[in-house]
Amino acid sequence: MEYWLEILPPIAQGFKTSLTVYLLTMALALPLGLVLGLLADMVKPARPIIGVFTWIIRGTPLLLQLYVTMYAIPLLIPMRMDRFFAGTLTFVINYAAYFAEIFRSGLAIIPLGQWQAGQVLGLKKHEIIFNIILPQMFRNTLLPLINEAITLVKDTSLLAAIAIGEMLRNAKEIVGKDLRVDALVIAGIFYLLFSFMVVSVGKRLEKTYLKQM
Amino acid sequence: MLKLQNITYAYDQEPILKGVGFEVNEGEILGILGLSGSGKTTLLKIISGLLVPDEGEYLIENQPAFIKQKKSDKVVSELGVVFQQFNLFPHLTVLDNLVMPLRLRTKQPKSECIATAVELLDVLGLKDQIAKFPYQCSGGQQQRIAIARALVLNPKILLIDEPTSSLDKENTKKVEELLKSLHGRGLTLIIITHDLPFAQAMCQRVIELSEGKVVYDGLAASYFNA
Ligand SMILES: Nc1ncnc2c1ncn2[C@@H]1O[C@H](COP(=O)(O)OP(=O)(O)OP(=O)(O)O)[C@@H](O)[C@H]1O
Ligand SMILES: [Mg+2]
């Protein structure tokens, strides 16, 4: 017990880093993905460009993308890359690509008749988008979005690859130093609690928004 | 009220409507008949301003319905449209299916919009359904919700596509009575249907579409006795 109290602070510190990247990624990638998804659905010329973007991002490992941002970009453009910035930026771009695809498919399955119903009622384009299309898209995409939100919890451990002191990296260091696995157990508990919280929020959202199907 | 002349429309190469023309007079019940695929729904989309005709003239109260390829406000204010598949808003309650467009269009306070919507839903026998979502309502009820939504902005003409296609005999009778009572309150009706007995019971005048052209335009009585 005493040992646990001793190793808790560095793990908690790592958790704070993981949580910060998590929250920043969700807060930035969701709106970015939404804009990309809307553009792909509604603006024809944007479609192929966004298609190539999502193909590249979804078709290569996140780990590779982290290396590219952290180590390859500073070789091309002489600059000092901040680890935390590189990690967050990569996560935002990566998740935005997944979110864009989710939003795009959530829009594609809304029948044309919904637009037409809005049009014959004399609603303007933005009124149709905000009052008819987006609420339905949100319902269509809630479940896959919750899945991504859970995956992101675990993906934050990849930040270790560019030497960011996130939770798992800190825990591993303690294990290597003390030759005891307790730190990994604690980190595991943190991950479980964290994803449990994400799942609970997801369930709440499901309950509120998916009952009317 | 409406005047269409020589309307032509093609989705792709092959024209679906090839010079359609007719008038709609105030207070009448006009049936638009024709086999499946004859272009009735396409015509509904033109009348309601969803599709712009390739050629021809479409006047509403003697004003052009399309100005520079865009539908004029008259099209919306004059016409209420009920789609073949209803196209109710699945994420909104029955009440909000009416209140949402009413609020956006009239900018009246919410309480007034709700009062207007409730009153209309009550007239259509839907008072017990207002808090439900569309999927919780029967086909006949959904039909009436769609009619209510089409009427909530007070159009002069109700344009309704295949009102009986998904209904049994009993509900067909109910729709017939409902439409007749709406007509009694001064509404002009354009009913698109291939249900001939229903058309015979409802319509004063009918138009028959065939191969993209109007092949009959006249009294329903003579059409059905011929
Ligand atoms: N969006 C579209 N794109 C291409 N062709 C279409 C489209 N909508 C309809 N058509 C074609 O236009 C023709 C007329 O269709 P429309 O829906 O107007 O017929 P309808 O008279 O309403 O038939 P029904 O009685 O079955 O409802 C059909 O041959 C159909 O295949
Ligand atoms: Mg049709």
(message) For the structure I just gave you, tell me whether A:Leu142 is assigned to a helix (DSSP H, G or I), surrounded by fewer than 19 Cβ atoms within 10 Å (Cβ to Cβ), within 14 Å of another protein chain (Cβ to nearest Cβ) and within 21 Å of the chain's Cα centre (by Cα).
(response) yes
(message) Being within 18 Å of A:Ala29 (Cβ to Cβ) and of a type in the set (Asp, Glu) is the filter here; which residues of the range A:66-108 pass it?
(response) A:Glu101
(request) Given the conditions (1) surrounded by 13 or more Cβ atoms within 10 Å (Cβ to Cβ); (2) without any contact (Cβ under 8 Å) to a residue 24 or more places away in the chain; (3) aliphatic (A, V, I, L, M), report the number of the one that A:Ala27 does not fulfil. (result) (1)
(request) Scan the range A:202-212 for residues that are part of a helix (DSSP H, G or I) and free of Cβ contacts under 8 Å to residues at least 40 places away in the same chain and report the count. (result) 4
(message) Looking for something among the acidic types (Asp, Glu) and surrounded by fewer than 16 Cβ atoms within 10 Å (Cβ to Cβ) - is there at least one such residue anywhere in the range B:95-104?
(response) no
(request) Report the residue count in the range A:95-129 for those that are within 10 Å of chain B (Cβ to nearest Cβ) and in a helix (DSSP H, G or I). (result) 11
(request) Collect the residues in the range B:207-226 that are open to solvent by less than 40 Å² (accessible area, probe 1.4 Å) and within 16 Å of ligand 2 (Cβ to nearest atom), keeping them in residue-number order. (result) B:Ile207, B:Leu209, B:Gly212
(request) Check off (1) open to solvent by less than 20 Å² (accessible area, probe 1.4 Å); (2) more than 16 Å from ligand 1 (Cβ to nearest atom) for B:Phe22 and give me the number that stays unchecked. (result) (2)
(request) Residue by residue through the range A:106-134, note down the ones that are surrounded by fewer than 16 Cβ atoms within 10 Å (Cβ to Cβ) and free of Cβ contacts under 8 Å to residues at least 60 places away in the same chain. (result) A:Ile109, A:Pro111, A:Leu112, A:Gly113, A:Lys124, A:Lys125, A:His126, A:Phe130
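The values are calculated or read from the model by the stated rules, or taken from the named source; none is laboratory data. Worth saying up front: this structure is predicted, and the values here are computed from it rather than measured. For neighbour counting, all protein chains shown are included, and Cβ atoms are generated from backbone atoms with ideal geometry for every residue, glycine included. Accessible surface is based on the protein model in full, side chains and every heavy atom, while ligands, DNA and RNA are left aside. Shrake-Rupley method; radii C 1.70, N 1.55, O 1.52, S 1.80 Å.
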